[in-house]
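K.L.:
I have a structure I would like to understand better, so I am pasting it below and will then ask my questions one at a time.
What follows draws every value from the coordinates through simple rules; no lab data is involved. Note that this is a predicted model, so its numbers are computed, not measured. Positions of Cβ are generated from backbone atoms using ideal geometry, with glycine treated the same way; all protein chains shown enter the neighbour counts.
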Amino acid sequence: MDDARWSRLQQLFAQALALPAEAREAFVETLEAADAALAGELRQLLQHDTADDPLPAALARAAGQALAGERDAWIGRRLGAWRIVAHVADGGMGAVYRAERADGQYRQTVAVKLLNPARVSPAARARFAAERQILARLVHPLIARLLDGGSTDDGAPYLVMDFVDGEPIDAWCDHHALDTAARLRLVLQVCQAVDFAHRNLVVHRDLKPRNILVDPQGVPRLLDFGIARLLDAEGSTASAEQLLTPSHASPEQVTGGAITTATDVYALGVLLYQLLAGRLPHADSAASPAALARAIVETEPPRPSSAVLRDDGGPAAERMRRARELAGDLDNIVLMALRKEPERRYAGVLELAEDITRYLEHRPVRARPDTLAYRGAKFWRRHRVAVPASAAALLLALAGAGLFTWQLADERNRALAAERSARRTAEFTASLLEGTGANEAAARQLSVRELLDKAAGRVDQELGAEPEVATRLRSALGSAYASWGANDEALKLLTTALTEARARERGPSAQQARTLSLLSTVTHDLGQLEVSLDWTRQAEAMWRQVGDAAQQGSALSDLALALNALRRRDEAEPVFRQALVKLRTAHRGDHRDIAWALNNLAWGLHAMGRLDEAAPLYDEALAMQQRLRTAVAETAQTQNNLAGLHYDRGDLERAGALWAEVLAAYEGVFGRGGHAAVARAQNAVALVLIDRGRFDEAERLTRAAAEANTRLLGERHRWTAITLQSHGVALLGLGRLDEAEATMRRVLALRQALLPAGHAEFVGSHLGLGRLALARGDPAAAERELQRAQDLIDALKSPDRVPRDAVALALARARALQGRRDEGRLIAAAAIERMRRGLPATHWRLQAAELAITLPPFVPQAAPDPTAAARTTLAALRERLGPDATVVRELAAVVDSAPR
């Protein structure tokens, strides 16, 4: 039997097992008319499906003996750059080995998954190289990376992945005696990884404890995306290959239905059930494959709280305590994930994770028990003959008792409307995946941006008759666009969503408040700071009416950020502190919103130059995020701000090391050049390289950052301008003056088109052009540009977070070079005095400025005593910054030419 026929037989066998015993023969007879031979083979399989049949056990023993010899034969063999050193485990798709790097390049231990050729059809082998690329893009801290892959000499495919030294999540929880909250927090991390895979259009299909290992630090890692498939044109994977673990399989896997992201939601429900109740949902029906398959498709599992009481292990009092803990919200969360119909489960993994988070934060969850109407409809379909008389009696009794009141009808109507809305949203989301499959017609991978564009274009076409769904989707799409930096598109969608919600709703609502908050973020990123503040004020006012204490605290934090962005620091600080107090009261313990508020308050103080006050707040925020195992991208933002504080203190060593960590973290999540956050981190690392005079490295990083921002955000974006400005500075350092000027003037034109007059970012443009003129030996042109920068600074409400001292020192130099030494010394002395008040005495910028003012062009000729002191200071700066640093080279040119 060839592979395709065997796969087809497996599918038919699973479908037959899901039928009642009396209906299977009719199923086989229907098949017989089309393929008598296949029907005969299916009938034989069904006949052997008995618990006491010795044949399967005998076959299993024989297969095990054969496999043992085969897997031992691989020990010591080499696959590409890797040498196999030990067998780890066996699975349905093949065997897993531990291997080591064998080419001498570097030392590394990996896991090699050697796929069983019998389970990989010719068509699958043809897809293998393409699918390997899909798996390779799943770069996430909680997913074992795909490092390499290929085929053995006899054509068997293999994958090389991270080797995870850990134990299955269920065993780890039991060995460490984790309580319910700790188990839920572990599952939240698993949800992060699964959601990341789904956003890359990959479904795992076999989530189970053995594929989720927890390392010694307590971090879960997902394994075995080897059986995942790129979503096909229907938003689902082909289910012809029945690759599943029966105890963790979803109803659609058992019956051969479409495999979608909802399949992984179901598997996470099974995992939750297992971790919370200590058993599987259908453990009572696992006596035979047929009984298990039928239970998965037909039988509702007992509530986890009930399952705990059925367990004979442990003291009765402890089982009662656990049952009370699971009863209610946790029962509802788990059973919603385990619903038979995919469309009635959580719409996605993030929705499941949100409900778990709500439970942990003691907020109402969205999961609710099945409605009476739904259970009644299911009962009606199962018992069509007996229902009418009993239903009539029930209706009479209820009517006599007066239970059908208008309030119940109103609640029912709202519930049905909400369910219809959720179902339509899920249907629309699934339909977006049409045409995204990897097949002959798809010559390239569909980007997330293209998928968002496709969705935005279809909302008006398809959801005109369902305005509530359309509004919610526009808001969600606006948020998604904003997260990728596509702020113009986000602004259009969010403005429309807000207009629709206001027209439809009779007053304030959480939907409007969320949209207002998103609008404030988008306009801030567009540089429309006054507009952003207005949206933020509206959002904060509405959250005060419709939100809980936690939401109100977050809204206050957003308001403080908006004030801070406008340099209204004195107004922002008390709002930051008020937000932090409110959030600490609302959450009473570690929470990501508290950590974020600490980071924001620290940033406000940091911006005012109060570095000693900001530093412990950054440290507290980062420690809390690490305890909570907050998402890498969020933790990296706090690390980024802390690195900026070290940079402002003049500690280039610590700043550079921490920014390098941030860059690695972002690249781990998004890939190189895959997100604007990566470009921002590249730009930050380049700042340190520029100060150290390592312009070649800085030029490569800033060029990559500018190219990524141009590709991801577009030419007309303020972050594109920021990274291009840094690139111009790197080119200036390399002496490529014409390229530097062209780049800087391009940036100035972009800023003039994007930003309001007087915006602080113009200061950087004129400073760069002024330094360029100095490098060309044109101090008069330099003075004109630098004076424009100084005028901008003088007009700012708060001149912090702009290169105020750098502008003043460069302007002083330009005037001194034109023979106006007294003017130059006066400007430089004022700048140095201001620096002494704000910087430590050991700061290299201050030391360089103090040295420069004693040398030409600020004096006609260097005197012997100042020159001797200058050589000592210069040696210290050369040691700290490196011999190629700009300030070192400029000062050395003067000091070394002075008479000794």
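K.L.:
Report the extension gain between R321 and V859 in nm, rounded to one decimal, defined as 0.36 nm multiplied by the number of residues separating them, less their alpha carbon distance.
P.N.:
Working it through step by step, the gained length comes to 185.4 nm.
K.L.:
Right, something else. Among D170, D103, D331, rank each residue by its count of other Cβ atoms within 10 Å, from fewest to most, as a rough exposure measure. Don't jump to the answer; show the numbers that get you there.
P.N.:
On the way: D170 18, D103 10, D331 22.
By the 10 Å Cβ count, ascending, the order reads D103, D170, D331.
K.L.:
How far apart, in nm, are the 7 Å Cα→Cβ label points at R776 and A749?
P.N.:
Label at R776, label at A749, 1.6 nm between them.
K.L.:
Could you put R537, R567, R514, R107 in order, starting from the residue whose Cβ has the fewest other Cβ atoms within 10 Å?
P.N.:
Numbers: R537 17, R567 20, R514 24, R107 7.
In order of increasing Cβ crowding within 10 Å: R107, R537, R567, R514.
K.L.:
So if each residue of separation counts as 0.36 nm, and I subtract the Cα-Cα distance between L45 and A182, what length gain in nm does that give?
P.N.:
44.9 nm
K.L.:
Using bins 5 angstrom wide from zero, how does P(r) for the range 686-781 break down, in % of all Cα pairs?
P.N.:
Calculated over all Cα pairs of the range 686-781, the distribution is 3, 15, 24, 25, 20, 10, 3, 0 percent.
K.L.:
What does the convex hull of the Cα atoms of the range 844-895 come to per residue, in Å³, rounded to a whole number?
P.N.:
60 Å³
K.L.:
If you don't mind, another one. What is the order of E167, E29, E697, fewest Cβ neighbours within 10 Å to most?
P.N.:
Ordered by Cβ neighbours within 10 Å, fewest first: E29, E697, E167.
K.L.:
For A742 and A875, what is the calculated FRET efficiency with R₀ set at 56 Å and r taken between the beta-carbons, to the nearest 0.05?
P.N.:
0.90
K.L.:
What does the charge count around P216 come to, taking other residues whose C-beta lies under 10 Å from its C-beta (Lys +1, Arg +1, Asp -1, Glu -1)?
P.N.:
With Lys, Arg at +1 and Asp, Glu at -1, the net is -3.
K.L.:
Would you kindly state how much longer the chain becomes between T495 and R310 on full extension, computed as 0.36 nm times their sequence separation minus their alpha carbon distance, in nm to one decimal?
P.N.:
Value of the extension gain: 61.3 nm.
K.L.:
Additional query: Using R₀ = 41 Å, calculate the FRET efficiency as 1/(1 + (r/R₀)^6) where r is the Cβ-Cβ separation of E571 and K340; round to 0.05.
P.N.:
0.15
K.L.:
Let's test the formula: R0 of 41 Å, r as the Cβ-Cβ distance of D162 and R358. What FRET efficiency results, to the nearest 0.05?
P.N.:
Computed FRET efficiency for D162 and R358 comes out at 0.80.
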